[in-house]
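Coordinate-derived values only; no laboratory data. Everything numeric in this text was worked out from a predicted model, so none of it was measured. Counting neighbours? That spans all protein chains shown, and the Cβs are built from the backbone with ideal geometry, glycine included.
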Amino acid sequence: MVYDRPARVELKGVEFGLIPYFRTAEAWAAAAEGMEGVTVLWCHQSFDGCRVPGYVFRAGQHAETVGEGGIPRVGAIGCGHIHLRQRFMLGGVDVVMPGATERTSFVEREQTKGYAIWEIGPTIQARFVALPSRRMVVLLHLEDLAQLQEGDLVKLPPEAPEFWEQEVIARGGWVVPRKKPSRQVGLFGRGKRDP
């Protein structure tokens, strides 16, 4: 079932809150007002203190980032949206972000991917479970071809000769299509160069 509006759902005697993504922290906090007392609040949002490589989300710096004041009294928060696995306390509530189940960007190539298992009883426990992930390899030198394994996703430098791509394929790798660097607006409002 898909929930595109805030909802409270009871499952086997446990009450859960469900809140979809909101573009502003204020809209999210308004939706969360009706969630007081749920055991786990499931959502898809960024919270003050969560991070991605090179950036820490802070309330007030990014419109969607929810601060301590927007957190209702709930047992715990289970959250998607941010691909990096992490866990932290905010407003006295345990925020668990299992991250993505697969690497979707070369920025994530060293990150462990997986999911979280929750145990709900007298206490609420969450633990991370790792999944095997496809290797992502950036080839900078011809001799780096020796490290390739079948199934690797490979990024070549723009100036790499065509035969590198043929060598990657011959070794069972998959080549990410090459493109020239372009100026684009980053997710966090600042321009950045594509690697």
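Counting only DSSP beta bridges whose two residues both lie in the chain, roughly 55 percent are antiparallel. Taking other residues whose beta carbon is less than 13 angstrom from the beta carbon of H81, and scoring Lys, Arg as +1 and Asp, Glu as -1, yields +2. Taking amide hydrogens as placed 1.01 Å from N in the peptide plane, the amide H of E15 sits under 5 Å from those of T39, each at least 5 positions away in sequence or on another chain.
Quick one: net charge around I169, please, counting Lys, Arg +1 and Asp, Glu -1 for every other residue with C-beta under 12 Å from its C-beta. Once positives and negatives cancel, what remains is -4. Considering only the other residues whose Cβ falls under 12 Å of the Cβ of G60, what net charge follows from Lys and Arg at +1 and Asp and Glu at -1? Spelling it out: positives minus negatives among the neighbours equals -3. Could you state the number of Å between the C-alpha centres of the stretch 1-66 and the stretch 81-114? Value for the Cα centre distance between the two parts: 15 Å.
Quick one: grab the alpha carbon gyration tensor of the chain, order the square roots of its eigenvalues as a ≥ b ≥ c, and give me rounded if a/c is under 1.5, else prolate or oblate depending on whether a/b is larger than b/c. It is prolate, given that a/c is not under 1.5 and a/b is the larger ratio. Full extension of the segment from E68 to R23, taken as 0.36 nm per residue of separation minus the current Cα-Cα distance, would add 14.5 nm.
Inter-label distance, E110 to K12: 3.9 nm, where each label sits 7 Å from its Cα along the C-beta direction. In the stretch 27-76, a dipole from Cβ-located charges (positive for Lys and Arg, negative for Asp and Glu) runs towards its positive end, and of G67, V40, Y55 it is Y55 whose Cα lies farthest in that direction. Evaluated with a Cβ-only charge set (Lys, Arg +1; Asp, Glu -1), the chain carries a dipole of roughly 300 debye about its Cα centre, given to the nearest 20.
Dividing the summed -39500 (n - 2.57) terms of all DSSP H runs of n ≥ 4 by the residue count of the chain sets its mean residue ellipticity at 222 nm at -2500 deg cm²/dmol.
For the pair V52 and E159, label points projected 7 Å from Cα toward Cβ lie 2.9 nm apart.
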